[in-house]
Amino acid sequence: MALLVFYSSVSGNMEMKKRQEWIFSVFTAKNIAFKAVDISQNSDDKELMRKIVGDPTALPPQICRGDTYCGDYTSFQNAIEEERLEAFLKM
């Protein structure tokens with residue numbers, strides 16, 4: 001199953017943009033294949049993200065493996081710090 005990162009290319013929130021870019025840079029540096037899904041371009045993608053996350057108000061970035069929720073930015077950051085990224089990503 002594909003690793004998905006739900007993000008928004010249209011946001012006035014600089015913290016959200018930094019978090020999204022950091023996730024992308026970690027995956028790129030570790031050669032982890034992923035698909036970036038821009039929820040600002042398609043409302044169906046936003047609804048899919050919220051359905052997978054199980055929260056009708058969830059905001060990006062959110063990370064999923066197919067239709068299985070992995071976590072948000074904070075969970076991702078904790079997984080890196082605890083050296084359990086592969087388990088977090090369900091690899």
Scan region 11-35 residue by residue and report those that are among the hydrophobic types (A, V, I, L, M, F, W, C), in a loop (DSSP other than H, G, I, E, B) and within 14 Å of Pro61 (Cβ to Cβ).
-> Phe34
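One residue is enough: does region 56-74 have a residue meeting the conditions assigned to a helix (DSSP H, G or I) and either of a type outside the set (Lys, Arg) or more than 14 Å from the chain's Cα centre (by Cα) (or both)? Spell out the reasoning first.
Taking region 56-74 as the starting set, the residues that turn out to be assigned to a helix (DSSP H, G or I) are 73-74.
Keeping just the survivors that are either of a type outside the set (Lys, Arg) or more than 14 Å from the chain's Cα centre (by Cα) (or both) gives 73-74.
Yes, region 56-74 contains a residue that is assigned to a helix (DSSP H, G or I) and either of a type outside the set (Lys, Arg) or more than 14 Å from the chain's Cα centre (by Cα) (or both).
Within region 38-65, take every residue that is surrounded by 11 or more Cβ atoms within 10 Å (Cβ to Cβ) and small (Gly, Ala, Ser) and give me the one that is farthest from Leu89 (Cα to Cα). Write out each step before concluding.
Applying the first criterion (surrounded by 11 or more Cβ atoms within 10 Å (Cβ to Cβ)) to region 38-65 yields 38-42, 45-53, 55, 58-65.
Okay, now just the ones that are also small (Gly, Ala, Ser), so 40, 58.
On the way: Ser40: 24, Ala58: 19 Å.
Filtering region 38-65 for residues that are surrounded by 11 or more Cβ atoms within 10 Å (Cβ to Cβ) and small (Gly, Ala, Ser), the one farthest from Leu89 (Cα to Cα) comes out as Ser40.
Open to solvent by 60 Å² or more (accessible area, probe 1.4 Å), within 19 Å of Arg19 (Cβ to Cβ) and among the basic types (Lys, Arg), is that true of Lys35? Steps first, please.
Values: open to solvent by 60 Å² or more (accessible area, probe 1.4 Å): yes; within 19 Å of Arg19 (Cβ to Cβ): yes; among the basic types (Lys, Arg): yes.
Against the criterion (open to solvent by 60 Å² or more (accessible area, probe 1.4 Å), within 19 Å of Arg19 (Cβ to Cβ) and among the basic types (Lys, Arg)), Lys35 qualifies.
The values are calculated or read from the model by the stated rules, or taken from the named source; none is laboratory data. Computed from a predicted structure; not experimentally measured. Heads up, the Cβs are rebuilt from the backbone with ideal geometry, glycines too, and the neighbour counts pull from every protein chain shown. Remember, those area values only see protein heavy atoms, side chains included, never the ligands or the DNA or RNA. Shrake-Rupley method; radii C 1.70, N 1.55, O 1.52, S 1.80 Å.
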